[in-house]
1. What gaps in nm, shortest first, separate residue D:228 from its twins in the other copies when you place the label 7 Å past Cα toward the beta carbon?
2. Please sort A:102-108, A:17-23, A:187-193, B:160-166 by packing, taking for each peptide the average over its residues of neighbouring beta carbons within 10 angstrom, highest first.
3. Using the Cα gyration tensor of segment C:54-96, with a ≥ b ≥ c the square roots of its eigenvalues, what is the shape: rounded (a/c below 1.5), prolate (a/b larger than b/c) or oblate (neither)?
4. Using a 10 Å cut-off on Cβ to Cβ distances, tally the other chain neighbours for every residue of A:52-60 and report the average as a whole number.
5. Calculated FRET efficiency, residue C:204 and residue C:52, Cβ-Cβ r, R0 41 Å, to nearest 0.05?
6. Tell me the angle of helix B:6-16 to the major Cα principal axis of chain B, expressed in degrees between 0 and 90 and rounded to the nearest ten.
7. Taking a ≥ b ≥ c as the square roots of the eigenvalues of the Cα gyration tensor of segment C:142-229, is the shape rounded (a/c under 1.5), prolate (a/b larger than b/c) or oblate?
8. To check you understand DSSP bridge types, tell me what percent of the beta bridges within chain B (both residues inside) are antiparallel, rounded to 5.
């Protein structure tokens, strides 16, 4: 399963409906960008018009075709089903039947758009509806591993999923630039999660304090390479 | 209004029902802590029994007395109403009629407990139900300022609230240890938010990259001191 | 004693000879600054002309009046003696007879200027000459404490000074934004120094991971306040 | 040329004379380590005995065979000449005739050992003696590039070397985890160096905020790979 943020979903959908993110720079006059209708995410630029295009697609093609009440997992799945871009995370997850959870979906443009739709239509997203499925997945797993890219809500949501089962994670990896000293969960060591019983006593865990845009591709490449060489009999 | 995380609410309630957080240390054997039923948050220790006490209180005194469908804001308010500790954030917010939003409430023990309750009772939390109130508050404000302690979901939720109004924030302060270079919103400069029109062209903004447990009390003390001296006629 | 960097000395002298540092901004076109002959240090601006003024002062009034061979500590002292600004660190240190060490003085404009002077004059700075005095100070101290503002060469130089004595530091404080995970000494925990015997087994130590421009004044203010109240008999 | 820290030289020599650094852990009781005569550098362990072995080698084989006055560059070269380990940085630099500068050499065990030797022998290290060679190298270079691994004294020493020439660096790369907001040079952007004219107006520069133990091998591997493919005619 995948647990992610609203922003990840929004920007995945934006790319997938044909609106490419642009390579910009972080040393820039943001008021000038605003006047030119360019939104900035660090060194990435997005024309403001993308959000009208996204609105049109969501209000026109997605929301009217949804059930009146959905869980967030269903919402992610139903969006993924409507995408065609083979590089889209939601599309790949749908095709591979990987459930996608997004606990804070209302904290995103998709959340805002869902609310807009709800203004003139009967529509609810039940915040608790995903829990059963999530906990079932944890319960039924023979082995459970956690792979964290960054921190935030997804990190805790993944870790806390084990609290309602008698199990714990057998291994865990975290790629992050956050630091432990602030006391927040994002930068917390994975050892801290052992004190809670979320990660098992004998579980292997490692935190890599480095930029995930560098370390994630390295790990994926290494995993692909090994999977070719190792017989999985 | 206050936008916060599930963890902040959980630990506020724990303190408020008489279960004090303990000063521990971050240099510790977490497996040993686990065996002694102590949960660790950086250098703070909590006996695991606190969570049974919290469960008892929530399942016994809180959830059975709630309406069958609540918004997250209502949930926070109804919890605050039941607390007596004058130092509790939820209690103070309730008394002062400050609405508390917590977009990712299911990402917390209170979320897990709400789900447990829902197992044998009719109960839903509508993830979108708060939006109207939030946006109304933004719409009606003569002046809007944002004060961010840390980042995460609350930071974006506060900033995006302005996107559906013709307004923007007149000033913004951020206290954080997160850094811009990872590209995440938590460490993003407040200038970045100007490119989106969330913070106004002429708005004053400042980010203080330092530990908020040090800088927040300084700012509060200075504000209290000034408010005594400055006539507010 | 004070152990510091070449840059700290250079900018102390610049202020002390009447050339004030200017409050600028870090969001700026540096090529434009260069063309306007403005040097930038994060959000501080310095006119390039300051360095000609500094050169004139050092080559005209300082170096010609120095002995042909000096230790770095003597150099700092002899510069401090020539300053009149009561806010200058070097001036205050000279007046209070606090020795100032600067192990990497050649890594600064003062180092470059010393080399320029040496081009046409007989002049040497013996890199090892300070050690005896430093180690004597450590040897003779009844109690030794270390107060680190930032990391770098001064941090290690202070810590290693104890290695040649049978003593160790009785207490240590560090104010820093550096982080342990990179493995460098600047962000290393003070506990690490215990494994080396630089900080004593029973010594009190604390690291404050926060901006020293905020935490240092707080500590100084608290120390001043306490020193008024506590009889030192 | 290579500019480095005293610690890098010390630990290079320790490995080269047959004393391997050991993989330990950073979650450890440092007082226990101290009692077991193990020194810790983050997650690396070194038996304290290594430093006696290093002392024996330096006082027995190195210092007695040095001239009475050396520059730091000569010291590094003369140590490299005596090493046989083909993986040693100092040895490789000596063989390849790459000068090694170490501005703060006294801030290291080699500095302490040099001072010990000086106690009963005539010996000086002239802190300014390297400058001429360094500046000549900069002057004579047709193209100059800077590659920074971390920050500290080496970063500034490399950058300031251009200040006494009419030239500037044509390109610059920095691999670091330090951050700009503290105002220190280690985390400063490379653009800041443009305002000083250290890096040229049209120079290419890039800072990679990530762990250099991950990014440096990637860059070296990519460079080796390209050098095989690109004809250098």
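No lab work stands behind these numbers, since they all come straight from the coordinates. Since the model is a prediction, treat every value here as computed from it, not as a measurement. Glycine gets a Cβ as well: all are built from the backbone with ideal geometry, and neighbour counts include every protein chain shown.
1. Ordered by distance, the counterparts are at 1.5, 7.2, 7.3 nm.
2. Working: A:102-108: 27.9, A:17-23: 13.0, A:187-193: 23.0, B:160-166: 17.3.
With the highest mean Cβ count within 10 Å placed first, the list reads A:102-108, A:187-193, B:160-166, A:17-23.
3. Working: a/c = 2.60, a/b = 1.30, b/c = 2.00.
Oblate shape, in that a/c is at least 1.5 and b/c is the bigger or equal ratio.
4. Numbers: counts 0, 0, 0, 0, 0, 0, 0, 0, 0.
Average per residue, whole number: 0.
5. On the way: r = 47 Å, r/R0 = 1.15.
Result of the calculation: an efficiency of 0.30.
6. It works out to around 60 degrees.
7. Details: a/c = 2.15, a/b = 1.20, b/c = 1.80.
Oblate shape, in that a/c is at least 1.5 and b/c is the bigger or equal ratio.
8. On the way: 6 of 22 bridges.
Antiparallel bridges make up about 25 percent of those DSSP assigns within chain B.
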